[in-house]
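Chemist: Pasting a structure below so you can have a look.
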Amino acid sequence: VKFRWIDRHTPFISFNDRANAESELLSLSSAQSPTTVLNLSGLWGGTRSPHNWVSRVAPSKDALRNKGNIHLIHGLDVSRAVLAVHADWAKAAGQRWILTDGRVYDWWDLASALGSRLSSSDPGADDKESADEERGQYARWVRELMQEENVRALPRDVECFKRALDSRDFWYIFGVSPIMARLN
């Protein structure tokens, strides 16, 4: 499968219900009632943390093997984007935008670094040994996968994935930048 960048101008699959709803919404845009679409990549913030997703997304080494990349946007940056659109509807009206923090995250890199962190509401969340054990399993799987797939370093090169999202247009046109870029 050949790699490609996806941006706000990339044609989308017309039999997708969400894409059709977006097209319908954009077709209703007028000077009296402007519309716009903000396509959010992986929304995170508050209790929605990528630290908690690894075990659900990759419960096994084989599941992790098939994971490529993920794009994220923090809720605070979504709020800032909504305010930027509201402040300048002339730029936004009738347009579709992709919102990411401008980064392409590699699931192998995340799994290796984060493992399956226990949330603070879980019993034993402060048990460092238990948390290290979980991270160790994912780190071990990733090391094995890197050897099997001849991957020399993480994150993997973006072109080894099927696609990646390009959200530069939004941030450039509205003159703002994500402030919650990179996972903390």
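Chemist: Counting only other residues whose beta carbon sits under 9 Å from that of Pro155, what net charge do I get with K and R as +1, D and E as -1?
Modeler: Result for the local shell: -2.
Chemist: Give, to the nearest whole percent, the P(r) tail of the stretch 43-107 beyond 19 angstrom, counting all Cα pairs.
Modeler: The share of Cα pairs beyond 19 Å in the stretch 43-107 comes to 47 percent.
Chemist: Which percent of the accessible area of the stretch 1-115 is formed by carbon and sulfur heavy atoms (probe 1.4 angstrom)?
Modeler: About 55 percent, which is the carbon plus sulfur part of the accessible surface.
Chemist: Once you've got the GNM for the chain with C-alpha springs shorter than 10 Å, pick whichever of Gly46, Gly102, Gly115 has the biggest mean-square fluctuation.
Modeler: Residue with maximal mean-square fluctuation among Gly46, Gly102, Gly115: Gly46.
Chemist: Separate question: In degrees from 0 to 90, rounded to the nearest 10, what is the angle of the helix 17-27 Cα long axis to the longest principal axis of the chain?
Modeler: 30 degrees
Chemist: What FRET efficiency comes out for the pair Glu149/Asp17, r = Cβ-Cβ distance, R0 = 41 Å, nearest 0.05? Before the final figure, lay out each step's value.
Modeler: Working: r = 35 Å, r/R0 = 0.85.
Calculated transfer efficiency: 0.75.
Chemist: Counting C-alpha atoms alone, how compact is the chain: give Rg to one decimal and Dmax as a whole number, in angstrom.
Modeler: 19.0, 60
Chemist: Considering only DSSP beta bridges where both residues belong to the chain, give the percentage that are antiparallel (nearest 5).
Modeler: In the chain, approximately 25 percent of DSSP beta bridges are antiparallel ones.
Chemist: What accessible area per residue, rounded to a whole number of Å², is obtained for the chain using a probe radius of 1.4 Å? Write down the numbers at each step before the final one.
Modeler: Values: 11060 Å² over 184 residues.
Roughly 60 Å² per residue, with all protein chains present.
The values are calculated or read from the model by the stated rules, or taken from the named source; none is laboratory data. If you're wondering where the values come from, they're calculated on a predicted model, not measured in any experiment. Note that we place each Cβ from the backbone using ideal geometry, even for glycine, and neighbour counts take in every protein chain shown. Side chains included, ligands, DNA and RNA excluded: accessible areas come from the protein's heavy atoms. Shrake-Rupley method; radii C 1.70, N 1.55, O 1.52, S 1.80 Å.
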